[in-house]
There are 2 protein chains.
Amino acid sequence: MVTLAEVAQHAGVSASTVSYVLSGKRSISANTRQRVEQSIQELGYHPNAGARALASSRSNIIALMVPLRTDMYVPVMMEIAIAVATTARIHGYDVLLLTGEEGPDAVRRVTGSGLADAMILMDVELDDERLPLLRETDQPSVLIGLPADTSGLTCVDLDFGATGALCAEHLAMLGHRDIAVIGEAPAVYERHTGFAERTLDGLRSRSRELGLRVLHRPCEGGYDAMAVTLARILDERPATTGFVVQNESAVEPLLALLRQQGRAVPEDVSVIAICPDQVATQASVRLTSVAIPAQEMGRHAVEQLIAKLDGHGEDEVVLIAPELTVRASTGPAPSTS
Amino acid sequence: MVTLAEVAQHAGVSASTVSYVLSGKRSISANTRQRVEQSIQELGYHPNAGARALASSRSNIIALMVPLRTDMYVPVMMEIAIAVATTARIHGYDVLLLTGEEGPDAVRRVTGSGLADAMILMDVELDDERLPLLRETDQPSVLIGLPADTSGLTCVDLDFGATGALCAEHLAMLGHRDIAVIGEAPAVYERHTGFAERTLDGLRSRSRELGLRVLHRPCEGGYDAMAVTLARILDERPATTGFVVQNESAVEPLLALLRQQGRAVPEDVSVIAICPDQVATQASVRLTSVAIPAQEMGRHAVEQLIAKLDGHGEDEVVLIAPELTVRASTGPAPSTS
DNA sequence: ATAGGTTGTCGAAGCGCTTCGACAGCGAAA
DNA sequence: TTTCGCTGTCGAAGCGCTTCGACAACCTAT
């Protein structure tokens with residue numbers, strides 16, 4: 001393995017000079033710089049990460065804690081993770097992948113050992129066990145998701161409240177009066193991740209203003225669960241003409257069931273999905289949807305973190321504004337006459 | 001930050017003794033060990049990762065290179081990644097997440113800098129650019145996937161050849177004579193990842209032995225693409241009664257289309273999917289499927305790697321035997337009489 | 001010509017750990 | 001009793017890098 005010292009010798013300068021060429025923290029004559037860079041090339045030198053971390057107490061690594069369970073939005077998680085990794089590399093950081101499994105211990109371990117300079121947490125619960133630790137430590141962190149108390153924390157998330165409101169507005173505008181929300185699996189609510197509730201709150205309060213009647217039903221993914229849920233909804237509110245679906249794996253079953261029952265989309269009923277664009281465009285009906293901006297969330301989180309690591313950067317809650325894209329699954333409410 | 005030296009002082013022993021307690025590389029009296037462990041507890045000591053890496057030239061990190069693109073099997077990739085992270089932690093390793101984006105440079109960077117002790121590559125192409133580098137370096141690595149030339153490499157993958165054969169056998173046994181394979185998107189074939197071809201080869205050669213007629217059509221995911229593909233298939237081979245689907249995002253569209261055309265599953269046509277169990281059980285028909293054992297692949301890869309890091313462990317190709325689970329989407333071929 | 005400020009380079013210290021060789025203390029074998 | 005071999009502990013060296021202070025060499029303003 002090639003070391004700094006060898007590069008220095010090869011270039012006929014001191015080790016510290018090579019270090020300064022690499023870091024740019026002191027000015028170096030063009031001549032020297034060039035000689036050093038050439039030696040680096042020729043010898044194929046790569047700085048040793050451990051030595052660097054030890055000497056500078058900076059690892060240039062960002063830890064990313066992803067949820068262990070895969071009962072929900074896996075593609076979104078993956079997309080966020082990849083966006084985080086890509087953005088981090090642009091800024092010269094690598095990404096350490098932690099699973100939620102270890103819980104708070106992972107936070108202790110990483111901050112304690114200097115393995116990473118900062119961390120990003122996904123799948124944050126309203127009253128997450130890891131938050132007190134993050135508030136104590138002086139290691140920067142960013143949450144993807146919104147806990148109950150955000151004081152002293154930096155968070156990035158889609159504005160789910162506005163998302164719910166947006167869905168209500170769109171359906172109201174089209175003349176729908178009775179709408180149903182197909183929510184996440186009950187387990188998601190029990191886990192208190194918050195985003196499902198926020199969507200619902202936003203949707204309900206806007207619906208109240210607009211005079212919509214709302215029925216909310218959680219729903220496991222899959223065909224069978226969706227069949228039961230749909231039957232219940234139509235039983236209780238036969239006049240329902242608008243659906244908002246927040247559970248990705250309930251979308252296709254819902255469309256199939258509606259088709260089967262002879263309810264045309266969008267002529268008889270309208271459907272809005274809250275899901276990644278890819279899902280919306282690949283469904284059997286091109287879905288009007290509010291996108292979950294996974295890439296943007298990942299990129300944002302990293303950029304906030306880098307800002308903090310560089311000294312500027314405040315604690316702040318960034319809520320990304322939702323965007324509703326109209327496709328082929330929503331239309332005017334059927335006339336009741 | 002608490003250091004080894006502070007722990008040593010607190011426990012009234014030398015630094016090296018603390019180190020030996022931690023590593024267990026020399027015998028320590030029960031008494032001393034206990035005092036040291038208590039000091040570690042009380043002070044909340046965590047060894048500094050950088051210092052450790054520098055002194056021991058072991059980072060205790062495994063690099064995992066995931067594909068950047070998300071046009072294919074994202075949930076599988078995620079599941080593998082999580083299995084890798086979980087298994088690695090069990091063995092005391094952390095996982096560094098690299099995207100395929102950097103390509104061979106990432107391999108150079110990681111091996112050169114000692115950032116990681118070993119690496120796992122996913123989404124390996126038949127003639128992957130990264131392979132020569134892996135063969136040169138003495139850093140252990142494991143591939144998930146199978147390149148054309150596996151000499152000097154360790155690989156883990158599902159036995160896709162056997163998977164194809166298994167599908168053919170199951171359909172033949174049920175009396176089907178004309179079968180169609182709905183393959184991955186054309187881009188997947190162009191990329192030469194191999195697994196799709198291997199499936200097809202296995203299926204074709206077994207079909208020949210069993211007297212099945214096979215039609216193969218690649219297919220982008222989604223409803224529209226599937227509609228076109230299905231129409232072409234039924235046009236060319238109206239007698240087709242068996243389908244093997246290897247593209248996850250074509251599964252649900254296919255079922256919807258068949259339903260729409262009045263072809264009952266499994267009475268009129270049988271469908272086998274090659275996909276994770278979760279997809280198979282959540283589809284609108286519970287699908288007979290060959291599972292993609294993502295977790296097992298991830299776990300296996302890590303264990304191979306650890307064995308290599310520990311000195312035992314050979315270069316070896318591990319092909320996981322496929323398992324076909326019969327569910328509700330396959331049945332006897334309709335009688336032709 | 002001299003004082004003061006820049007610019008470019010170097011040497012040395014030190015980051016926190018692992019590991020090697022040394023060695024004190026002790027019981028077992030001679 | 002002496003010798004040998006353990007066992008348990010310590011001190012010191014060193015891993016490869018960053019960074020601080022020092023200091024020539026030069027330029028500019030006096």
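Here are some notes:
- Semi-axis lengths, Å, the protein assembly as shown, gyration tensor of Cα atoms, sqrt of 5 times eigenvalues: 48, 34, 22
- Per-residue mean of foreign Cβ neighbours for A:86-96 is 3 (Cβ atoms of other chains, 10 Å radius).
- Aspartates and glutamates whose Cα lies under 18 Å from that of residue B:25, excluding same-chain neighbours fewer than 8 positions away: B:37, B:310
- Only the Cβ atoms of Lys and Arg (+1) and of Asp and Glu (-1) were treated as charged; on that basis the dipole of the range B:101-230 about its Cα centre amounts to roughly 600 debye.
- For residue A:57 and residue A:23, the difference between the fully extended length at 0.36 nm per residue and the C-alpha to C-alpha distance is 10.8 nm.
- Once the C-beta distance of residue A:136 and residue A:15 is scaled by a Förster radius of 35 Å, the resulting FRET efficiency is 0.40 to the nearest 0.05.
- Where only C-alpha atoms are counted, convex hull volume of the range A:135-275 per residue in Å³: 111
- Residue separation of residue B:105 and residue B:151 scaled by 0.36 nm, minus their Cα-Cα distance, works out to 14.4 nm of gained length.
- What separates the residue B:259 label point from its copies, with the point 7 Å along Cα to Cβ, is 0.7 nm, written shortest first.
- Cα Rg, Dmax (largest Cα-Cα span) when computed across chain B, Å: 25.5, 91
- Taking amide H as placed 1.01 Å from N in the peptide plane, residue A:327 has its amide H under 5 Å from the amide H of A:288, A:289, each at least 5 places away in sequence or on another chain.
- Rough spin-label spacing in nm, given labels placed 7 Å along Cα→Cβ, for residue B:328 and residue B:235: 3.3
- Shape analysis of the range B:261-337 places it in the prolate category; the axes a ≥ b ≥ c from the Cα gyration tensor give an a/c of at least 1.5, with a/b above b/c.
- Helix-only arithmetic for the protein assembly as shown: the sum of -39500 (n - 2.57) across DSSP H runs with n ≥ 4, divided by the residue total, places the mean residue ellipticity at 222 nm at -14000 deg cm²/dmol.
- A straight Cα-to-Cα reach below 13 Å connects residue A:308 with the aspartates and glutamates A:117, A:138, A:316, residues fewer than 8 places away in its own chain not being considered.
- Rel. contact order, % - alpha carbon contacts under 8 angstrom, at least six apart, the range B:160-292: 26
- Other protein chain Cβ atoms within 10 Å, averaged over every residue that makes up A:106-117: 4
- Close amide H pairs (under 5 Å, H built 1.01 Å from N) link residue A:318 with A:155, A:156, A:157, residues at least 5 positions away or on another chain.
- Computed E for residue B:173/residue B:260 - FRET, C-beta separation, R0 22 angstrom, nearest 0.05: 0.20
- Buried accessible surface for the B/A pair, both sides summed and rounded to the nearest 100, is 4100 Å² with a 1.4 Å probe.
- Sorting the segments A:51-58, B:164-171, B:30-37 by their mean number of nearby beta carbons within 10 angstrom, highest to lowest, gives B:164-171, A:51-58, B:30-37.
- Charge sum, other residues only, whose C-beta stays under 10 Å from residue B:172's C-beta, Lys/Arg counted +1 and Asp/Glu -1: 0
- Most mobile listed residue (A:60, A:247, A:48) in chain A, GNM with C-alpha springs under 10 Å: A:48
- The mean sequence distance of close C-alpha pairs (under 8 Å, at least 6 residues apart), as a share of the length of chain B, puts its relative contact order at 17 percent.
- Backbone amide hydrogens, once placed in the peptide plane, bring residue A:272 within less than 5 Å of A:243, A:244, A:245, excluding anything fewer than 5 places away on its chain.
- Mean Cα-pair separation over length for the range A:4-47, i.e. relative contact order, pairs under 8 Å, 6 or more apart, %: 42
- For the protein assembly as shown, accessible area per residue (1.4 Å probe, heavy atoms of protein chains only), Å²: 41
The values are calculated or read from the model by the stated rules, or taken from the named source; none is laboratory data. All values derive from a computational prediction rather than experimental measurement. Ideal geometry is used to build each Cβ from the backbone, glycine not excepted, and the neighbour counts take in all protein chains shown. Surface areas here come from the heavy atoms of the whole protein model, side chains and all, with no ligands, DNA or RNA. Shrake-Rupley method; radii C 1.70, N 1.55, O 1.52, S 1.80 Å.
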